[in-house]
1. Checking the conditions here, which among L249, L263 is over 30 Å from S324 (Cα atoms), exposed (fewer than 15 other Cβ atoms within 10 Å of the Cβ) and aliphatic (A, V, I, L, M)?
2. So E389 clears everything in (1) in contact with a Phe, Trp or Tyr (Cβ under 9 Å, 6 or more places away or on another chain); (2) buried (at least 16 other Cβ atoms within 10 Å of the Cβ); (3) part of a helix (DSSP H, G or I) except one condition, right? Which one?
3. Quick test of your reading of the structure: V394 fulfils all but one of (1) closer than 19 Å to T360 by Cβ; (2) within 24 Å of the chain's Cα centre (by Cα); (3) assigned to a helix (DSSP H, G or I); (4) touching a residue at least 24 places away in the same chain (Cβ under 8 Å). Name the failing condition by number.
4. Within the set of pairs 6+ apart or on separate chains, which have a first residue in segment 216-227 that is part of a helix (DSSP H, G or I), a second that is among the charged types (D, E, K, R), and C-beta atoms under 6 Å apart?
5. Q17 passes all but one of (1) more than 18 Å from N114 (Cα to Cα); (2) surrounded by 13 or more Cβ atoms within 10 Å (Cβ to Cβ); (3) out of contact with any Lys or Arg (no Cβ under 9 Å at 6 or more places or on another chain); which number fails?
6. Considering only residues of segment 154-207 that are among the β-branched types (V, I, T) and not in a helix (DSSP H, G or I), which is nearest to the chain's Cα centre (by Cα)?
7. Out of the residues in segment 208-226 that are hydrophobic (A, V, I, L, M, F, W, C) and within 21 Å of the chain's Cα centre (by Cα), state the one that is surrounded by the fewest Cβ atoms within 10 Å (Cβ to Cβ).
Amino acid sequence: MSGRPTKVEGQTYYFNQPIPIPSYLISLASGDISKSPIGSRSHVYCEPIKLNQCQHEFEQDMEPFIQTAESIVFLYEWDQYDVLVLPSSFPYGGMENPNITFATPTLISGDRENVDVLAHELAHSWLGNLVTNCSWEHFWLNEGWTVYLERLIQGKIHGEPTRHFSAIIGWSDLENTIKSMGDSLEYSKLVLDLKGVDPDDSFSTVPYEKGFNLLFHIENVIGKAKFDKFIPYYFNKFKYKSLDTYQFLDTLYEFFSNEHETLDKIDWDSWLFKPGMPPVDPKFDTTLVDQCYNLADRWFKAVKTGDLREFSSKDIESFSSNQSVVFLDTLESFNKRSDFKWSDHKNSLIEMSKIYSSYTNLTNCEVLFRWFILQVDGQHEEFYKLLGEWLGTVGRMKFVRPGYILLNKVHHQLAIEYFSKFENNYHPICKAMVKKDLGLD
């Protein structure tokens, strides 16, 4: 439960939560659940058969995450930080319930390369759980700040280029999300008008990644050393409270009372109230992604000539999962060019699928999903059914919704058939959203 365990009497379990929390953070889970330690103040809970896998995935990073977050904001106030790995139908990456994060099983990839989702959920212990958006119109205050702190944690542990590497992946996700919004582009604003609207209908990566990029832009305008000092001030001021975007801006101008002219250079109206991508080029450090970009560029040039003899499986052997994500995202981004579409080069995609066949058998969902996107969007028909069957094994909306949207784009009837086959496996929220995406509601 989202509280601290106090005692057990027979089949009755008691919890206490001394810190005030908003009602949406109250949660309860029951079932055949076992636990193992993953740090000096953390445990992982899950089905007994998956316990060793889950412990292995998280035990190396959990306590360093907590200590690093404490050095950025202030001491962790919740005593214990635990993780419950839920069944596959859980529709989100994680839910930041106080004391115990509910997590998607798609994190369990065996390579520990998706564990940064826990850095995100841990960051919610300050952002969202201690300081909360007052309504869902200002959801970016929860999620944009949380992504920002998550990446600060990554930067402190792994180095600043790693923070930028993650931000580049996020920027690509944001571009893809906004591109796929169609008539729902209003939901690409940071501050929304949700009168008469179900907030679930507006859910996307926008408050996460556009929100992060606004804070990253403020950091660059003000200077990182100065903005670092604002972070604990802001969270101490609004601890145990909720706020809206206007209170955030007032506090920012209040703290930087001698920097008003500098802050006024930021196009607040475009950032907060206009749809579309952020109004700036973030100029990320590409040190860790240049290798990915270079390989993608080689493919682009080779596909134009039809000569693919220079490529082999060794190209990607040394890639981390995140590097594979950037490589595949970059390949997919070529579809945005006016002079190139992968669907015009199906033979090259087929050959690529043979050269990099290891991608097809991965257990890392972040990489595998992007591999499916590239192949299916390029109309490599062998991958239509591979994607459809895979969508029956995951319930995370990050994958399920765009997966069905893409399948619907290339083969409407097949998308309907797979959704009909698997719809009862999905969470009701996910099921309802996919129905809307497919025009079945």
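1. L249
2. Among (1) in contact with a Phe, Trp or Tyr (Cβ under 9 Å, 6 or more places away or on another chain); (2) buried (at least 16 other Cβ atoms within 10 Å of the Cβ); (3) part of a helix (DSSP H, G or I), E389 violates only (2).
3. It is condition (3) that V394 fails.
4. F227/E219
5. Among (1) more than 18 Å from N114 (Cα to Cα); (2) surrounded by 13 or more Cβ atoms within 10 Å (Cβ to Cβ); (3) out of contact with any Lys or Arg (no Cβ under 9 Å at 6 or more places or on another chain), the lone unmet condition for Q17 is (3).
6. Among those residues, the one meeting the criterion is T205.
7. Only one residue fits best here, namely L215.
Conditions (1) more than 28 Å from E160 (Cα to Cα); (2) outside any helix (DSSP H, G or I); (3) in contact with a His (Cβ under 8 Å, 6 or more places away or on another chain); (4) touching a residue at least 60 places away in the same chain (Cβ under 8 Å), marked per residue:
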| position | (1), (2), (3), (4) |
| --- | --- |
| G276 | no, yes, no, yes |
| V280 | no, yes, yes, yes |
| A302 | yes, no, no, no |
| L308 | yes, yes, no, no |
| F319 | no, yes, no, no |
| V326 | no, no, no, yes |
| S338 | yes, yes, no, no |
| S358 | yes, no, no, no |
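Read the figures in this text as sums done on the coordinates, not as results from a lab. Just so we're clear, the structure is a prediction, and the values are computed from it rather than from any experiment. Quick reminder, even Gly has a Cβ in these numbers, built from the backbone with ideal geometry, and neighbours come from all protein chains shown.
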